[in-house]
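The values are calculated or read from the model by the stated rules, or taken from the named source; none is laboratory data. Here the structure is a predicted model, which means the values were calculated and not measured. A quick note on method: Cβ atoms are made from the backbone with ideal geometry, for glycine too, and the neighbour counts reach across all protein chains shown.
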Amino acid sequence: MRYLFVTWDGGGNLQAVLPLAERLVGRGHEVVFLGHRSQEAAVKAAGCGFAAYERAPETAPSSSEGATVNDWAARTRLGRAAIYRDHLLIGPAGLVAADVLAAVDRFQPDAIAVDCLLLGAIVGAERSGLPSAAVWHCNYAPPHLEIPVQGSGRGLPRGVFGRLRQKVERTLANAWWDRSLPSLNATRAGLDLPPLTGVGEQFDRLDRTLVASSAALDFASLSGIDLPPNLRYIGPQIGTAPAASHGAAEDGEQPLVLVSFSTTYQAQQALLERAIEALGTLSVRALVTTGPAVSIEGPVPANVEVRPWAPHSEVLPRASLILTHGGHGTVMKSIAHGVPAVCIPMGRDQPCVAARLVHAGCGLRLPSNPSRRRIADAVRQALDDRGLKANAERLGRVLREEIAEDVGVAEMEALASSCRSTRLGI
């Protein structure tokens with residue numbers, strides 16, 4: 001079978017689907033990615049083919065200069081949402097749809113998988129008529145769903161006031177998104193597709209909605225609302241199921257804290273330096289991974305090691321805690337290893353991931369700009385809280401079972417088989 005995956009360079013979103021594509025290749029299928037040039041090396045290293053966008057705007061988010069989705073520059077949550085709307089979801093939708101249809105003509109895939117935030121790619125896949133899936137690289141939270149608004153960081157509502165507040169926020173969010181409906185419908189009209197009555201409808205227009213997360217950690221599942229019949233939870237896409245972390249230091253050793261604050265630029269330099277200072281005041285060992293976006297120039301405490309990169313799969317089995325921005329992929333890896341987290345969300349889906357983590361009792365959440373003392377207090381509290389570790393281990397067992405089951409591969413193979421059967425007239 002031949003698959004076309006459509007992605008964009010937003011950091012962790014590629015890593016949420018690349019293991020799925022790699023396993024498809026391992027089963028003898030051919031996979032080609034359509035994406036940004038900055039993703040080519042990682043895609044080819046996974047054994048997949050690669051094609052760069054020809055019309056859609058280029059981006060390179062590992063630096064402040066190269067990113068087109070420069071959400072860190074916005075001062076408000078609404079401003080950040082507008083950047084995503086105008087530069088990713090809806091603004092370039094026509095260009096992305098045209099690139100998808102051109103790639104379909106070139107590669108003749110049996111099935112298509114597109115990133116959930118690329119509404120233009122969803123439109124293109126819909127127009128192609130091929131079996132297609134929208135893959136959510138984060139928690140399932142389209143604008144029209146009756147759960148806390150994506151980006152708000154709220155937990156599930158409690159009581160009459162909580163439910164009323166969620167309803168009002170949801171109504172306002174839908175109205176704001178639907179201001180872009182004429183632009184989205186113009187893209188659809190250009191491809192002879194019927195108009196939508198709301199932007200949220202576009203997210204569920206394909207044969208499958210595959211959520212690369214766990215139903216045990218997702219508010220859409222936990223809230224008890226009716227979900228689309230084409231939705232499938234396929235578990236975290238982090239490769240093979242990991243072993244649980246023992247998280248225990250050897251005799252005479254101090255607990256290990258892994259620090260990870262995104263591989264893309266989010267103006268995180270000052271926060272990372274403050275976290276290093278905080279860890280220097282504690283009786284811990286700390287490994288800080290900076291990623292390509294920032295570098296640490298100042299002095300580093302003796303108990304802290306700073307590296308540009310380290311494989312989390314090798315560090316987490318020895319870690320007692322992770323201090324993180326709360327990216328979905330990072331949190332899924334830590335919980336799959338049974339490691340609790342302290343989250344300092346900086347934006348994007350991170351407040352929502354942190355809210356789900358706190359709801360599950362697997363971690364703590366701090367505001368986006370905490371003091372050095374507050375960071376140190378939270379790390380100390382998390383290390384002393386046995387309940388956090390027990391809940392992380394409990395949920396980790398669930399995630400490891402989902403990873404081993406590999407529903408994602410089964411769903412993609414079923415989609416491609418339906419196309420092959422149609423072509424053969426079966």
- Message: Which condition from (1) over 20 Å from P228 (Cβ atoms); (2) at pLDDT below 95; (3) aliphatic (A, V, I, L, M) is the one that A186 breaks?
- Response: (2)
- Filter the stretch 117-136 down to residues that are surrounded by fewer than 24 Cβ atoms within 10 Å (Cβ to Cβ), part of a loop (DSSP other than H, G, I, E, B) and at negative phi, then give me how many there are. 3
- Message: Testing V100 on (1) in contact with a Pro (Cβ under 8 Å, 6 or more places away or on another chain); (2) assigned to a helix (DSSP H, G or I), one condition comes back false. Which one is that?
- Response: (1)
- Message: Conditions first: (1) of a type in the set (D, E, K, R); (2) over 26 Å from A97 (Cα atoms); (3) part of a loop (DSSP other than H, G, I, E, B); (4) more than 21 Å from the chain's Cα centre (by Cα). D192 passes all but one, so which condition is the exception?
- Response: (2)
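Can you report the number of residues in the stretch 195-211 which are under 27 Å from I234 (Cα atoms) and either of a type in the set (S, T, N, Q) or not in a helix (DSSP H, G or I) (or both)?
The total comes to 9.
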- Note on the structure: Filter the stretch 163-174 for residues that are over 25 Å from the mean Cα position of the chain (by Cα) and exposed (fewer than 12 other Cβ atoms within 10 Å of the Cβ); the one that is nearest to G91 (Cα to Cα) is V168
- Residue check, L130 in contact with a strand residue (DSSP E or B) (Cβ under 7 Å, 6 or more places away or on another chain), in contact (Cβ under 8 Å) with a residue 12 or more places away in the chain and not assigned by TED's automatic domain parsing to the domain that holds R356: yes
- Quick one: is G151 in contact (Cβ under 8 Å) with a residue 60 or more places away in the chain, crowded, with 20+ Cβ neighbours inside 10 Å and either part of a loop (DSSP other than H, G, I, E, B) or not assigned by TED's automatic domain parsing to the domain that holds P92 (or both)? yes
- Query: Which condition breaks for A293 when tested against (1) closer than 21 Å to V339 by Cβ; (2) touching a residue at least 40 places away in the same chain (Cβ under 8 Å); (3) within 25 Å of the chain's Cα centre (by Cα)?
  - Reply: (1)
- Message: Could you tell me how many of the residues in the stretch 13-58 are touching a residue at least 24 places away in the same chain (Cβ under 8 Å), of a type outside the set (V, I, T) and either part of a loop (DSSP other than H, G, I, E, B) or not assigned by TED's automatic domain parsing to the domain that holds Q108 (or both)?
- Response: 12
